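Student: Take a look at this one; I'll ask things after.
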Amino acid sequence: MKKYILSALAVCSAAIFTSCDDMLDTDPRVTDATSATFPGKIADVEALNTATYSIMNTMGGGDADTQNPFYWWELMSDNCFGSGGLQDNKVKSLHHLVQMNSNQYEQPFVLLYGGINRANNQIETIDNVDWTGNEAKRNQLLGEGYFMRGLYTLWLTQLYGDVPLITATLITEEMKAQVSAEEVIYPQILSDFVSAQNLMSTEKSSGHANKYVAEAFMARAYMFWAGFYKKVADLSTGSAPAINLVEQEGCTAASLSQADVVNALRDVVNSGAYELLEDYRSLWQYSNSYVWDETQKAIETGTGHAYKFIADMKREHCFDQPGMGNGNKEELFQIQFMNASNWNLDQKGPYSCARMYCNYLSVFWALRVNGHNGDRDHTYPFTQGWGQGTPSNNIWDDWTVAENEGGYTDIRKLGSLIDGVTENKEIDYEFVKDCCEASGFGVKKYNGVTLDALTGDTPWWDFAGGENFKGTLENPMQGDHFEDFYLMRYADVLLMLSEMTGDAQYMNQVQKRAGVPETPYSLKELQNQRRWEFAFEGLRFNDMRRWSGIDGGESCYAAKALQAQAGKQMVVKGNVANKTAMKHMTCSWSKRYADTNGFLAKPQSQITLMNGNLIQNPGWDENTPETEKQYVDLYN
């Protein structure tokens, strides 16, 4: 099990466009330096590079309901309900595609533009350094700058649609104008990934992108552009057009075609640099060797607690064993965490870094506290948390139908979800008195994990990692979670390659590991495999969108899947005996999706600052009735 270290975030203004100076986001260690003298040595460029990456930690380690887009996309999909307690309105507003106020969705907007600025600074100043004899290092760091700019811009436009495209630290009036994502922003995103592909090496470096990572994200971005904007839902039979590229260092080709993207994915596969882990459970912290050892002992002696779901694993496949878990051979790119979270680091505002170094999703998705939830006698090895964004009945029901129709048991279902009702009678979940939209399921992948060897609700990392993973927060339940959040796994490369070519051999590898019979290629089967494989990893919502196409209306794939939540039986205020039928809080999921195309509201504060250059998205603008877009309290 590796220890990963990222440097601290700098602080920058939340007013992104008020002046050029607001975009000058510098590392606090070099606050007196200027672009004329900094960076002056290779170590300075490496510091800039670390600061560029660390935006991901702020999003992944902060309050998930406020600034984590990967969590948001799960809440907005049919995989999760909003749930949580009666007061947890942010998650429910995301789930129902409405808003509590006009600036609710501002944090990622600010953070992502801050990350883009850091990447621009890295790109522009790299040749302040004399790279004689270190040209390969220079190209790698430049490539990483292009890659991170492309990645942050991709997330930004998937969240908000048409926005200003910022490609320099000096922001011109022309740059402040909102531009078309389809025609202007995606060509730049893909150009950045092509530059990264051609500049970076194939060497794997902990926490950093390389050529293969750029190729994988190139495919993800192209597939979204082709499916959503060009409405090519089935890339195995349909042909998306080539996309024009922007000339810049590392990117000299005029365009990028579907065949080019397929070749990039094949390059990743043929490299042999990555492979699927043999056991799907090895990817997740609940399979650590400490739980495994306690389980074996409990089975043998009849004392202590056993988590029988992992009892048949090979010990060498446990999460914390060499080659498994964090830093495993299936992991292409991820957000990494370490033991540096501290309440005293809180800067307030969008660059708050109090918990940025821990995986705070482990708290949001953990079992909601009440009675015996988190008690080893009832929910071992899973500990307590907020219970927000819990799995929907839909994903469990749809998955069960697929298993029954195929005559198999998919290990990923119980590998991804806690079934609080029937999971081998190991988990005795209790509905909480202030709960709402409670399905009785929990997210297993990222739920906090504890041990018999510990007391209270202390996470297993404190025992396993010693000082290396013992956080500095006063409450370890909130701070000591260090499981990587996967942004790209090799399984995704395989499934994207099958989807783009119709060749089932790549999909079959993913099916085989899950215990699912290999099937011929079909778009429906591919859609199922992506949903099952990547449940709760932030991919489902944008997959749904690209299979629907822009302006797909209320009968498109995404709208129908979201609307299928209506009528599902859920628990409100702990009332198990009298369940409540799920309903949309203002109109319907299908209408809200059709009206918004899955985009969120642009923050009104930024629209005001931009003096008309930034235009509100349909479904959130003045033409949309307040009664449809405004949060309604259904449960108090």
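The values are calculated or read from the model by the stated rules, or taken from the named source; none is laboratory data. Being a predicted model, the structure only gives us computed values, none of them experimental. Quick reminder, even Gly has a Cβ in these numbers, built from the backbone with ideal geometry, and neighbours come from all protein chains shown. We work out accessible area using only protein heavy atoms, side chains counted, and drop any ligands, DNA or RNA first. Shrake-Rupley method; radii C 1.70, N 1.55, O 1.52, S 1.80 Å.
Student: Tell me, which helices (runs of 4 or more DSSP H) lie completely within segment 37-97 with 2 or more residues that are crowded, with 23+ Cβ neighbours inside 10 Å and either among the hydrophobic types (A, V, I, L, M, F, W, C) or at pLDDT 95 or above (or both)?
Tutor: Numbers: elements: 42-53, 55-61, 64-67, 69-75, 89-95.
Hits in segment 37-97: 42-53, 55-61, 69-75, 89-95.
Student: Show me the helices (runs of 4 or more DSSP H) entirely contained within segment 318-426 in which 1 or more residues are open to solvent by 40 Å² or more (accessible area, probe 1.4 Å) and at pLDDT 95 or above. It would help to see each step written out before you state the result.
Tutor: Numbers: elements: 361-364, 376-379, 393-406, 411-416.
Counting at least 1 such residues, we get 393-406, 411-416.
Student: Now for a separate question. Which of the residues that make up segment 294-317 are of a type outside the set (D, E, K, R) and part of a helix (DSSP H, G or I)?
Tutor: The initial filter retains those residues of segment 294-317 that are of a type outside the set (D, E, K, R), namely 295-296, 298-299, 301-307, 309-311, 313, 317.
Scanning segment 294-317 gives T295, Q296, A298, I299, T301, F309, I310, H317.
Student: On the given criteria, is S7 open to solvent by 10 Å² or more (accessible area, probe 1.4 Å), modelled with pLDDT under 95 and touching an Asp or Glu at 6+ places or on another chain (Cβ under 8 Å)?
Tutor: yes
Student: Further, regarding this structure: If only one of V269, V291 is touching a strand residue (DSSP E or B) at 6+ places or on another chain (Cβ under 8 Å) and outside any loop (DSSP other than H, G, I, E, B), which one is it?
Tutor: It is V291.
Student: N617: more than 28 Å from Q334 (Cα to Cα) and open to solvent by 30 Å² or more (accessible area, probe 1.4 Å), yes or no?
Tutor: No, not satisfied.
Student: Still on this structure, I have one more. Does A209 satisfy the condition of being in contact (Cβ under 8 Å) with a residue 60 or more places away in the chain, under 22 Å from the mean Cα position of the chain (by Cα), assigned to a loop (DSSP other than H, G, I, E, B) and surrounded by 15 or more Cβ atoms within 10 Å (Cβ to Cβ)?
Tutor: Considered against the rule, which asks whether it is in contact (Cβ under 8 Å) with a residue 60 or more places away in the chain, under 22 Å from the mean Cα position of the chain (by Cα), assigned to a loop (DSSP other than H, G, I, E, B) and surrounded by 15 or more Cβ atoms within 10 Å (Cβ to Cβ), A209 comes out as yes.
Student: K176: more than 13 Å from T52 (Cα to Cα), outside any helix (DSSP H, G or I) and either in contact (Cβ under 8 Å) with a residue 40 or more places away in the chain or among the hydroxyl-bearing types (S, T, Y) (or both), yes or no? Write out each step before concluding.
Tutor: Numbers: more than 13 Å from T52 (Cα to Cα): yes; outside any helix (DSSP H, G or I): yes; either in contact (Cβ under 8 Å) with a residue 40 or more places away in the chain or among the hydroxyl-bearing types (S, T, Y) (or both): yes.
Taking the combined requirement at face value, the residue satisfies it.
Student: What number goes with the only condition from (1) more than 19 Å from T157 (Cβ to Cβ); (2) open to solvent by less than 10 Å² (accessible area, probe 1.4 Å) that G227 does not pass?
Tutor: Status for G227: all satisfied but (1).
Student: Working carefully through the options Y446, Y521, Y486, Y429, find the one that is farther than 26 Å from P381 by Cβ and either surrounded by fewer than 21 Cβ atoms within 10 Å (Cβ to Cβ) or of a type outside the set (D, E) (or both).
Tutor: Among Y446, Y521, Y486, Y429, only Y521 is farther than 26 Å from P381 by Cβ and either surrounded by fewer than 21 Cβ atoms within 10 Å (Cβ to Cβ) or of a type outside the set (D, E) (or both).
Student: Name, by its number, the condition in (1) closer than 25 Å to F441 by Cβ; (2) touching a helix residue (DSSP H, G or I) at 6+ places or on another chain (Cβ under 7 Å) that does not hold for K602.
Tutor: If we test K602 against (1) closer than 25 Å to F441 by Cβ; (2) touching a helix residue (DSSP H, G or I) at 6+ places or on another chain (Cβ under 7 Å), just (1) comes out false.
Student: List the pairs whose first member sits in segment 557-580 and is at pLDDT 95 or above, whose second member is assigned to a helix (DSSP H, G or I) and among the charged types (D, E, K, R), and whose Cβ atoms are under 6 Å apart, counting only residues at least 6 apart or on separate chains?
Tutor: A558/R545
Student: Let me ask something else about it. Does S239 meet the test of being among the polar types (S, T, N, Q), open to solvent by 30 Å² or more (accessible area, probe 1.4 Å) and modelled with pLDDT under 95? Don't jump to the end; show me each part of the working.
Tutor: Numbers: among the polar types (S, T, N, Q): yes; open to solvent by 30 Å² or more (accessible area, probe 1.4 Å): yes; modelled with pLDDT under 95: yes.
In short, yes.
Student: Also: Which residues, taken from segment 249-272, are surrounded by 14 or more Cβ atoms within 10 Å (Cβ to Cβ), without any contact (Cβ under 8 Å) to a residue 60 or more places away in the chain and either in contact with a Ser or Thr (Cβ under 8 Å, 6 or more places away or on another chain) or farther than 23 Å from M488 by Cα (or both)?
Tutor: Selection gives A253 alone.
Student: Being out of contact with any His (no Cβ under 8 Å at 6 or more places or on another chain) and either farther than 17 Å from V576 by Cα or among the hydrophobic types (A, V, I, L, M, F, W, C) (or both): is that true of I411 here? Steps first, please.
Tutor: Values: out of contact with any His (no Cβ under 8 Å at 6 or more places or on another chain): yes; either farther than 17 Å from V576 by Cα or among the hydrophobic types (A, V, I, L, M, F, W, C) (or both): yes.
So I411 fits the description; yes.
Student: On the basis of being at negative phi, over 21 Å from the mean Cα position of the chain (by Cα) and crowded, with 24+ Cβ neighbours inside 10 Å, does G143 make the cut?
Tutor: Spelling it out, G143 is indeed at negative phi, over 21 Å from the mean Cα position of the chain (by Cα) and crowded, with 24+ Cβ neighbours inside 10 Å.
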